[in-house]
Amino acid sequence: MKGPLAKTVILLVGMYVFLKFILPLFTAPLPASLIFLYLALTLASAMIFYTMSGGSLDEFMGPIGRFLTGTGQTGIAGTARILVFVLFPLLVGWQTYTRLAPSDMPPAENRTIHPAPPGEFVGLANPYPRTPENVMMGKGLYAAFCSPCHGANFDGKGPAAVGFNPPPANFSDPGTIAQLQESYLFWRIKKGGVGLPVEAMPWKSAMPRWEVELPDEWIWKIIMGEYDGAGQSPRTWEEEE
Amino acid sequence: MGYKQIFNVLLGLVLIVTAVGASCAFASDPPPEGGAESVAVRLYLTDGSIPANDPNAAAWDALQPAEFKLAPQVHWPDRIQEVTVKSVKVRGMHNGQEMAILLEYADQSEDAADAAAIEFMVGDKMAHFAHGQEMLQVEGGEVNIWYWKKEQGKATDMSAKGFKTLRAQENQNVSATGAWQEGTWRVVFSRPLQTGDEHDVQITPGEWRNVAFAFWDGEIVDGAVKERGSQKAVSSWWYVRAEPPPDNSIYGYVVLGIALAAGFEFFLVRKIRRGNES
């Protein structure tokens with residue numbers, strides 16, 4: 001098992017096994033497109049390396065050329081060559097078909113779940129102190145206005161939640177309000193689904209625009225009650241004193 | 001035949017198959033795992049007439065329905081917290097000229113104020129599913145609503161772009177027929193695919209359009225209609241597409257692809273051979 005071509009193939013296979021199976025043991029799985037990019041880079045590097053001189057180029061391309069021209073081939077090797085020559089056009093044909101065949105799947109949607117808020121909502125602090133009374137009032141308002149969809153348990157599973165697409169946010173999930181600042185929630189509650197930017201598909205969200213129904217004070221207290229009830233804390237940028 | 005030759009053969013095989021295989025496999029990530037629920041209504045292409053006024057026609061039962069869950073309308077007041085219609089089965093067909101959509105849903109009682117509606121985005125501008133209400137950062141478009149009510153016995157073709165703008169159109173070109181049987185409503189809406197009216201959704205076979213649904217249970221409870229106006233069961237936006245006629249030109253391209261690949265092989269081998277000879 002030597003020769004530049006064999007080394008390249010082994011390198012590519014090894015790289016693929018590493019990226020696909022070994023790396024995910026330590027980090028999140030890589031998307032297929034990224035793996036493809038890395039493999040293409042590896043192949044390109046090998047090609048550049050082996051085409052530096054005429055000698056190594058011959059070594060690299062020689063086996064491919066001998067196989068394709070059928071030089072000195074008999075028996076199994078000849079059959080395999082014919083097989084490859086038949087299979088390659090068929091694969092191209094199949095590929096053409098799958099690309100052109102009409103799809104029954106609607107266009108892919110790529111919804112941004114937590115888009116950037118408008119400038120006026122960045123960095124606002126909750127003007128109400130986190131007293132037990134305020135938290136309790138917030139929870140009461142949450143029960144009245146939010147829980148039908150977001151759930152009495154803050155889990156996005158309220159009785160009215162079933163038919164929504166996208167589903168109501170689950171506040172007990174550490175990926176939702178725990179990742180956000182209070183000012184972000186203030187924006188989302190105040191402006192609702194229709195306040196979202198285009199990448200968040202505002203035309204699909206059923207979140208009401210609560211500013212037309214609730215005073216700001218209630219919204220800030222609802223946020224307090226929401227964090228408390230869901231057992232999460234808002235994200236902060238500075239160290240707390 | 002020596003080991004070297006076998007090795008060469010294997011290498012050639014591996015190279016060519018991986019090259020083509022990789023381009024197939026890596027070209028796109030697989031779609032994320034979804035639930036069993038539908039995302040789109042397919043208007044099946046059929047020859048001849050469609051059962052535009054017959055919700056119980058046998059032709060409907062041959063079609064695979066899409067099913068969508070419904071939620072109470074909580075987006076704006078007056079809200080409702082619980083609704084009668086929890087999900088809807090949707091079937092559709094077209095013949096290149098006319099289209100029909102059948103809505104099938106459970107409702108234990110047949111009431112005069114029972115109603116159903118289909119909403120579409122009009123044109124290319126995205127519109128909010130709540131009557132195309134104004135969005136703060138996006139300029140939205142208009143919606144076209146096909147509304148059927150039992151006591152009216154017909155469809156009304158409507159337009160809206162924001163709250164309080166819902167109105168019946170001047171050009172009425174939608175018809176609807178409902179039939180209730182043993183706790184199930186079947187309502188069929190029909191219309192030409194194209195109408196030439198700028199306020200209507202235009203359906204072109206092969207193109208995806210956005211669609212949503214709404215239902216009202218008109219049962220009288222304590223002297224009042226249970227669900228009316230904004231108190232209704234709604235769906236979010238889903239997709240609808242009229243099936244395009246089969247396109248045989250695809251096979252021409254497939255043959256062309258095969259011929260090009262074979263020609264490539266031929267010239268490649270010839271070039272290598274000539275290179276070796278010289």
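Here, each number is a calculation from the coordinates, and none is a lab measurement. Worth saying up front: this structure is predicted, and the values here are computed from it rather than measured. Using ideal geometry, Cβ is built from the backbone for each residue, glycine included, and neighbour counts are taken over all protein chains shown.
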Normalised by the residues of segment A:115-241, what does the relative contact order come to in percent, with Cα pairs under 8 Å and at least six apart? 33 percent
How do A:THR131, A:THR51 rank when sorted from fewest to most other Cβ atoms within 10 Å of their own Cβ? A:THR131, A:THR51
Least to most buried among B:ASP47, B:ASP61, B:ASP54, B:ASP200 (fewest other Cβ within 10 Å first): B:ASP47, B:ASP61, B:ASP54, B:ASP200
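Starting from 0.36 nm per residue, how many nanometres of slack lie between B:ALA62 and B:GLN137 once their C-alpha separation is accounted for?
Roughly 22.6 nm would be gained on extension.
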Could you work out how far apart the two model spin labels at A:TRP94 and A:LEU30 are, taking each label as a point 7 Å from the Cα in the direction of the beta carbon, and quote it in nm? 2.6 nm
Would you please state which residues of segment B:54-97 a label at B:ASP222 would reach in this model, taking the label point 7 Å out along Cα→Cβ and a backbone N cut-off of under 18 Å? B:78-84
Listed with the fewest Cβ neighbours within 10 Å leading, A:GLU217, B:GLU119 appear as A:GLU217, B:GLU119
Segment B:GLU198-B:GLU151, extension gain: residue separation times 0.36 nm, minus the distance between their alpha carbons: 14.0 nm
Quantify how much of the Cα-Cα distance distribution of segment A:119-230 extends past 20 Å, in percent. 36 percent
Cα→Cβ-extended label distance, 7 Å offset, between B:GLU277 and A:VAL162, nm: 7.7 nm
Approximate spin-label separation B:ASN53-A:ILE76, in nm, with each point projected 7 Å along Cα-to-Cβ: 7.4 nm
